[in-house]
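Structure record follows, encoded as structure tokens.
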Amino acid sequence: MSGTVTIEPLATADFPIVAQWLSEPETNQWLSSDWRGRTVDPTLIGVAVRNRKNRFYLVRCDGQACGLAALGDLDLTDRIAMIWYVLGNKNVEGRGITTSAVRELVRQAFNEMQLESLHAWVMADNTASGRVLEKAGFKEVGRLRSAASHNGKRVDRIYFDKTQFDADLP
């Protein structure tokens, strides 16, 4: 990887760029049906950010905004959340930026938010996203067959998890 990768809480000024990224079909095709196949308005980002079950973070590489990392379905009682992410700037693909951002969000979730378990899912044909999770120390834990729609066909969702007790924590 080249460059310094940081994450910061998503600010109102960043809602338009994040909405643009989430509106791009090549990006949102991999997201849950709540986001998939639609144009996202910055107002919707604001609503999602204000939901107490979500935490959104802007990803920067060398100071430039390039992606989003987020926790959803946050449950502070059971200390769990779902992690998801988007690389918005395709010009920086293949540099390990998303993996670095996921690692940092995992560190913050476990060390600062005191979460104990994180999970994620990817569509079976999204191998790049599965590699991001594996490089960040997540383990495949199962699959739901025919659980998502992608390009007009049914595909499996592959589930991953990571706990604070896994050996490779930062």
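The values are calculated or read from the model by the stated rules, or taken from the named source; none is laboratory data. A quick note: this is a predicted structure, and the numbers were derived from the prediction, not measured. Note: ideal-geometry Cβ built from the backbone for every residue, glycine included; neighbour counts use all protein chains shown. Areas reflect the complete protein model, heavy atoms only, side chains present, ligands, DNA and RNA absent. Shrake-Rupley method; radii C 1.70, N 1.55, O 1.52, S 1.80 Å.
Within a straight-line Cα-Cα reach of under 19 Å, Lys139 can be paired with the following lysines, leaving aside sequence neighbours fewer than 8 residues apart in one chain: Lys162.
Solvent-accessible area per residue in the range 111-161 equals 54 Å², computed with a 1.4 angstrom probe and all protein chains kept.
As an exercise, identify the GluC sites (Glu not before Pro) in the range 61-170 lying in DSSP coil whose Cβ has no more than 16 other Cβ atoms within 10 Å.
When the GluC sites (Glu not before Pro) of the range 61-170 are filtered for loop state and at most 16 Cβ neighbours within 10 Å, Glu93, Glu112, Glu116 remain.
A DSSP coil position with no more than 12 other Cβ atoms inside 10 Å describes the following trypsin sites (Lys or Arg not before Pro) in the range 46-106: Arg52.
Of the solvent-accessible surface of the chain, computed with a 1.4 Å probe over protein heavy atoms with every protein chain present, carbon and sulfur atoms account for 47 percent.
Using a Cα-Cα cut-off of under 17 Å, which lysines could be cross-linked to Lys53, ignoring same-chain neighbours fewer than 8 residues away? Within the straight-line limit of under 17 Å, Lys53 reaches no lysines at all. The H on the amide N of His150, modeled in the peptide plane, is under 5 Å from the matching H of Val155, each at least 5 residues off or on a different chain. Charging the Cβ of each Asp and Glu at -1 and of each Lys and Arg at +1, and nothing else, the dipole of the chain about its Cα centre rounds to 320 debye. Only helices reaching 18 angstrom along their own axis (Cα) with mean Kyte-Doolittle hydropathy no lower than -1.0 count here, and for the DSSP H runs of the chain these are 97-111. How far is the Cα center of the range 103-140 from the Cα center of the range 11-76, in Å? Taking the Cα centre of the range 11-76 as reference, the centre of the range 103-140 is 17 Å away.
Does the range 14-170 classify as rounded, prolate or oblate by the C-alpha gyration tensor (a ≥ b ≥ c root eigenvalues; a/c under 1.5 gives rounded; else a/b over b/c gives prolate, otherwise oblate)?
The shape class here is rounded.
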